[in-house]
Amino acid sequence: MSMYTLIILLIGVGILGYSLVYTLFVAKERKSVKGDIDAELPDNVQKHAYIRNPIFLTYVIFFGIVLVMIIYFALTWNW
C-alpha cells in the first residue's frame, strides 16, 4: 500500500471515528427531549447554521478530498 493511500485511509478512519462519537454524544443529549414537540436549537447552531450542518460539511470535505486527489495525480502524472 502506498504512503498516499495509507494517509487517505487514516484520514477517512479518523473522520468516521469522530462522526460516530459526535453522533452518539448528540443522541445522548437529545434523549432528554421526549414527545412530538421540537426542542429549541442550541445558540451555536443558530449562529452558525451552515457551518454546523453535517450535510454541508460532508460536501465540503468530499470536494476537498477530490481536489487534493486531482492535484496529486496531476503533479505525479508522467507525460
key: Gain on full stretching of the segment that runs from residue 43 to residue 11 - 0.36 nm per residue minus C-alpha separation   = 8.6 nm
request  = Would you mind getting me the FRET efficiency between residue 21 and residue 69? Use the beta-carbon distance for r and R0 = 22 Å, nearest 0.05.
outcome  = 0.25
request  = Return the sequence-ordered ³J(HN,Hα) values of the range 7-19 in whole Hz as given by the Karplus equation 6.51 cos²θ - 1.76 cosθ + 1.60 applied to θ = phi - 60°, using x for Gly and Pro.
outcome  = 5, 4, 4, 5, 5, x, 5, x, 5, 5, x, 4, 5
remark   = Simple SL model, points at 7 angstrom along Cα→Cβ for residue 3 and residue 28; separation in nm is 3.9
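Laboratory data are not the source of any read-out in this text; all were calculated from the coordinates shown. Values in this document were obtained by computation on a predicted structure and should not be read as measured data. Note that each Cβ is placed from the backbone with ideal geometry, even for glycine, and that neighbours are counted across all protein chains shown.
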